[in-house]
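J.: Below you'll find the structure I mean.
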Amino acid sequence: MTGHHPPPGRDPVRAFVALGANLGDAAAALASAFAALDDLPGTRLFARSSLYRSAPIGVTGHPDYLNAVAAIDTTLPAPDLLAALLDLERSHGRRRETELAPRTLDLDLLLYGDATIALPGLDVPHPRMHLRAFVLVPLAEIAPDTDIPGRGRAADLLDTVRDQRIERLS
């Protein structure tokens, strides 16, 4: 994991990104996305979770998702990081036709340090992350003590999502 050195004078922030895909070669898409995160300016991939298979939420008849979580250290401001994540989705063929449509790659900014951000298109912490096993399980794997502002430690929230189907793959 090479990454880029931060510019002088700006301390990196530990951010967490959820990765998901359920179209095409999802495993290859997630592997590519992990590498692309490590290649973002001023950003280094710090840790990556295992891959997990999970059932889509809110829809029926869609393929299962592959999910993971990445921890990155970045000097990018949160809005710039979000823009980079959206660019990565587009470069992997993501089209946003409907909210719950299957996707070639989905990247969500979960946490940006301990910041609480409410901007158009950018809510941090991610407003539903504490309700989703496909986020909490891989997050707790790589960073169990991570605090989700207003919700508590990632590991302490796992019991609340035990009824959601998720399977660790690798």
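Only the coordinates and a few stated rules stand behind these numbers; no lab work does. Only a predicted model underlies this, so the values are computations on that prediction, with no experimental measurement involved. All Cβ positions, even for glycine, are placed from backbone atoms using ideal geometry, and neighbour counts span all protein chains on display.
J.: Using only helices, what value at 222 nm comes out for the chain when you add -39,500 (n - 2.57) per DSSP H run of length 4 or more and divide by the total residues, to the nearest 500 deg cm²/dmol?
T.: Mean residue ellipticity at 222 nm (helix-derived): -7000 deg cm²/dmol.
J.: Using packing as a proxy for protection, rank 150-157, 77-84 so that the peptide with the highest average count of other Cβ atoms within 10 Å comes first.
T.: Descending mean neighbour count gives 77-84, 150-157.
J.: What list of ³J(HN,Hα) values in whole Hz, one per residue of the stretch 49-63 in order, does the Karplus curve 6.51 cos²θ - 1.76 cosθ + 1.60 (θ = phi - 60°) give from phi, with Gly and Pro shown as x?
T.: Taking θ as phi minus 60°, the curve returns 7, 5, 8, 10, 9, 9, 7, x, 9, x, 9, 10, x, 9, x Hz for the stretch 49-63.
J.: Something else now. Taking square-rooted eigenvalues a ≥ b ≥ c of the alpha carbon gyration tensor, is the stretch 13-168 rounded, prolate or oblate, where a/c under 1.5 means rounded and, failing that, a/b exceeding b/c means prolate?
T.: Rounded.
J.: What are the ³J(HN,Hα) couplings of the stretch 66-81, residue after residue, when phi is run through the Karplus curve with 6.51, -1.76, 1.60 and θ = phi - 60°? Round to Hz, x for glycine and proline.
T.: 9, 10, 6, 10, 10, 9, 10, 10, 9, 9, 5, x, 3, x, 5, 5
J.: How many nm is it between the label spots at Thr116 and Asp80, if each spot is 7 Å from the Cα in line with the beta carbon?
T.: 2.6
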